[in-house]
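Notes follow the structure.
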There are 2 protein chains.
Amino acid sequence: MTAPERSAEDLRAAILSGDLAEADRLLPERVLAQRLSVSRSRLRGILDDLAREGLIFRRHGQGTFLKPPPAQAMGRLGVLARRVSPRHLMEVRLELEPAVAAHAAERGGAEDKALLLRLMEDTLRAPDLAGYERADDIFHYKIAEMACNPVFLTLFEEIRSLRQATDWTHARQSALGPDEIAENSIQHGTIANAICASAPAAARQAMRRHLEQVAASLMLRQG
Amino acid sequence: MTAPERSAEDLRAAILSGDLAEADRLLPERVLAQRLSVSRSRLRGILDDLAREGLIFRRHGQGTFLKPPPAQAMGRLGVLARRVSPRHLMEVRLELEPAVAAHAAERGGAEDKALLLRLMEDTLRAPDLAGYERADDIFHYKIAEMACNPVFLTLFEEIRSLRQATDWTHARQSALGPDEIAENSIQHGTIANAICASAPAAARQAMRRHLEQVAASLMLRQG
DNA sequence: AACTAGACCAATTTTGAATTGGTTTCCAGC
DNA sequence: GCTGGAAACCAATTCAAAATTGGTCTAGTT
């Protein structure tokens, strides 16, 4: 495998395989270029394509990621993670994300809507639990992007990072059942359709119901 | 005035006068103690009282303030302030604060409710515009505290700091008219009453209407 | 008992170096 | 002349260590 790979398809596959990443974060561009025996210019061209297709996520001083990147400067939230309960987080999500979905329905562009539908289908095609959770994560993140409001997006990212941080301490007790995944996927479809139909009220309600079910699952699982 | 003041009342007055503060932030306790010729212990005792009464605000590594303190570690939001429009901010407030008011109505304690009513009356008694804006600020902050959810409170503080940061760049065009202040005060009363009556839906609606008027005033003032 | 003085702890900010994506420049080779 | 690679440089972020500041404890003094 020391022989350099050349074709663009090979490069895309190598990047998306995850072998050149550490915890969903790709190696720095300079290292990656050397590792793949390509110039940085060409590598960046391919990364641009992947980012346009929504397959990778880049942020300036932070890196390139296979999932939406973590919130920046977790100064306050880092210490918050200790004293925040899943209940607190769910309360906020239950208010924030339906509002974000409504705004996404109002302002989302045609391109983004097409991409959102594709991402929704990705959650259906997910082969295993890890793949489903990744697709689900990207789906929700895309909705937050479509709201076209940097404040909403920043708040969403902070909540998302905080959730992952607390999930870490609370020992990762997700373990969704297949029936729950099926139900979630149906709701994802309802949400995506409402947004693509530019129906803010419907999108808001669909997202609220979705999160209410997620909350119910969590409560069941931990009293 | 080099003679030391001794009585507790004199000390309280000196602290609240603002002469020993810089931009709503009091001098460090050590300096303040020396300036007032008291021991730090006694000063802290008085500061404790003032904080309990809601007249000053303290935060560990940050300082002691005459108004609610700024959000901590404005990492992302600091750079956001440049590209965020008042419209973006208002959209978020319009979703967040009604939700916060609803939760405050659900969970607020009896003591906090009494204090909230007193703070509402303070907005009525405000002598000038600056005094009114300060009282208004404290009133809204108290509601966010009463929601008893550290995540909601943190988000609220970030939005509040972001608003002040953008107001700074956008050249402070507040200039509320007396009739607007009167209308706002009536709405504050409605909000406070709903919260004190433990009526979440009413509190949510009252806060939404209040913010809708604030938004309308802003739009009028800047197109 | 109340107050003072001082040392020490804990949370936050601040500062500067290091990291990383983004951009420009220059140059070889066709 | 144009394309693509290489290097330098720019800009945004992270990281780590020092400085700042409120919080706590102990001992001593009146």
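Is there a simple number for the mean count of other chain Cβ atoms within 10 Å of the Cβ of residues in B:147-157, and what is it? Could the numbers behind the result be given before it?
Numbers: counts 3, 2, 7, 7, 15, 5, 2, 8, 7, 0, 1.
Per residue, the average neighbour count from other chains is 5.
Suppose a student asked you for the relative contact order of region B:46-107, using Cα pairs under 8 Å spaced at least 6 residues apart; what percent would you report?
Working: 20 pairs, mean separation 9.0, N = 62.
The normalised contact order for region B:46-107 reaches 15 percent.
Along region A:59-69, what does the Karplus equation 6.51 cos²θ - 1.76 cosθ + 1.60 (θ = phi - 60°) give for ³J(HN,Hα), rounded to whole Hz, x for Gly and Pro?
9, 2, x, 9, x, 10, 10, 8, 10, x, x
Return the average number of partner chain Cβ atoms within 10 angstrom of each residue Cβ along peptide B:99-109.
Values: counts 6, 2, 0, 1, 3, 0, 0, 0, 0, 0, 0.
The mean count of partner-chain Cβ atoms within 10 Å per residue comes to 1.
Could you sort A:Cys148, B:Cys196 by accessible area so the largest value comes first, with the probe set to 1.4 Å?
Values: A:Cys148 65, B:Cys196 40 Å².
Sorted descending by solvent-accessible area, the residues read A:Cys148, B:Cys196.
If contacts are Cα pairs under 8 angstrom and at least 6 residues apart, what is the relative contact order of chain B in percent? Walk me through the numbers before you get to the answer.
Numbers: 227 pairs, mean separation 50.5, N = 223.
Relative contact order comes out at 23 percent.
Tell me which of A:Gly189, A:Ala23, A:His60 sits at the most positive position along the dipole axis of chain A, charges placed on C-beta atoms (Lys, Arg +1; Asp, Glu -1).
Among A:Gly189, A:Ala23, A:His60, the one farthest towards the positive end of the dipole of chain A is A:His60.
For region A:84-212, state the semi-axes of the equivalent ellipsoid (square roots of 5 times the eigenvalues of the alpha-carbon gyration tensor), sorted largest first and rounded to whole angstrom. Intermediate results must be reported in sequence, preceding the final value.
On the way: eigenvalues 98, 66, 33 Å².
The three semi-axes for region A:84-212 are 22, 18, 13 Å.
Mind checking how much accessible area A and B bury in total, 1.4 Å probe, in Å² rounded to 100? Walk me through the numbers before you get to the answer.
Numbers: alone 12220 and 12240 Å², together 22040 Å².
That pair hides around 2400 Å² of surface in total.
Suppose you put the label 7 Å out from Cα in the Cβ direction; list, shortest first and in nm with one decimal, how far B:Arg125 is from each other copy's label.
Here B:Arg125 shows inter-copy label distances of 6.7 nm.
Give me a single rounded figure for B:87-96: the average over its residues of other chain Cβ atoms within 10 Å of their Cβ.
Working: counts 1, 7, 2, 1, 7, 11, 1, 1, 10, 7.
So the per-residue partner count for this stretch is 5.
Out of residues 5 or more away from A:Ile56 or on other chains, whose amide H comes under 5 Å of its own, with H placed 1.01 Å from N in the peptide plane?
Counting only residues 5 or more places away or on other chains, the set is A:Ala51.
Starting from a label point 7 Å past Cα on the Cβ side, list the distances from B:Gln164 to the same position in the other copies, nm, shortest first.
Label point to label point, same position, other copies: 3.1 nm.
Counting each pair of different Cα atoms once, what's the Kirkwood radius of chain B in Å, rounded to one decimal? Intermediate results must be reported in sequence, preceding the final value.
Details: mean 1/r = 0.0535 Å⁻¹.
With all distinct Cα pairs of chain B included, I get 18.7 Å.
What base-10 log of the normalised intensity I(q)/I(0) is obtained for the protein assembly as shown from the Debye formula, alpha carbons as equal point scatterers, at q = 0.05, 0.10, 0.11, 0.13 Å⁻¹?
For the protein assembly as shown at q = 0.05, 0.10, 0.11, 0.13 Å⁻¹, log10 I(q)/I(0) is -0.23, -0.83, -0.97, -1.24.
Could you order the peptides B:126-136, B:197-207 from most to least packed, using the average number of other C-beta atoms within 10 Å per residue?
Numbers: B:126-136: 14.8, B:197-207: 19.1.
Top to bottom by mean Cβ count within 10 Å: B:197-207, B:126-136.
Normalising by the residue count of region A:8-65, find the relative contact order in percent from Cα pairs under 8 Å and 6+ residues apart.
Values: 41 pairs, mean separation 19.4, N = 58.
Answer for region A:8-65 is 33 percent.
Placing a label point 7 Å from Cα toward Cβ, how far apart in nm is A:Leu16 from its equivalents in the other copies, listed shortest first to one decimal?
6.6
With the Cα gyration tensor of region B:8-65 giving a ≥ b ≥ c as the square roots of its eigenvalues, does the rule (a/c under 1.5 for rounded; else a/b larger than b/c for prolate; else oblate) give rounded, prolate or oblate? Spell out each step's value before the answer.
Details: a/c = 1.21, a/b = 1.12, b/c = 1.08.
Taking the square roots of the gyration eigenvalues as a ≥ b ≥ c, region B:8-65 is rounded.
Treat every Asp and Glu Cβ in chain B as -1 and every Lys and Arg Cβ as +1, leave all other atoms uncharged, and give the resulting dipole magnitude about the Cα centre to the nearest 20 debye.
Working: 30 positive and 30 negative charges, 139 e Å.
With Lys and Arg at +1 and Asp and Glu at -1, about 660 debye.
By the gyration tensor of its Cα atoms, with a ≥ b ≥ c the square roots of the eigenvalues, what is the shape of region A:5-124: rounded for a/c under 1.5, prolate for a/b over b/c, or oblate? Each step should come with its number before you reach the end.
Working: a/c = 2.61, a/b = 1.50, b/c = 1.73.
The shape class here is oblate.
Cα to Cα, under 17 Å, and not fewer than 8 places away if on the same chain: which lysines meet these conditions relative to A:Lys142?
Reachable lysines: A:Lys67, A:Lys113.
Per the helix-only calculation at 222 nm, which mean residue ellipticity applies to chain A, given -39500 (n - 2.57) for every DSSP H run of n ≥ 4 and division by its residues, nearest 500 deg cm²/dmol?
Working: 10 runs with 158 residues, N = 223.
Helix-only estimate at 222 nm: -23500 deg cm²/dmol.
The values are calculated or read from the model by the stated rules, or taken from the named source; none is laboratory data. Note that this is a predicted model, so its numbers are computed, not measured. Every residue, glycine among them, receives a Cβ derived from its backbone with ideal geometry; neighbour counts consider all protein chains shown. Accessible surface areas use protein heavy atoms only, side chains included; no ligands, DNA or RNA. Shrake-Rupley method; radii C 1.70, N 1.55, O 1.52, S 1.80 Å.
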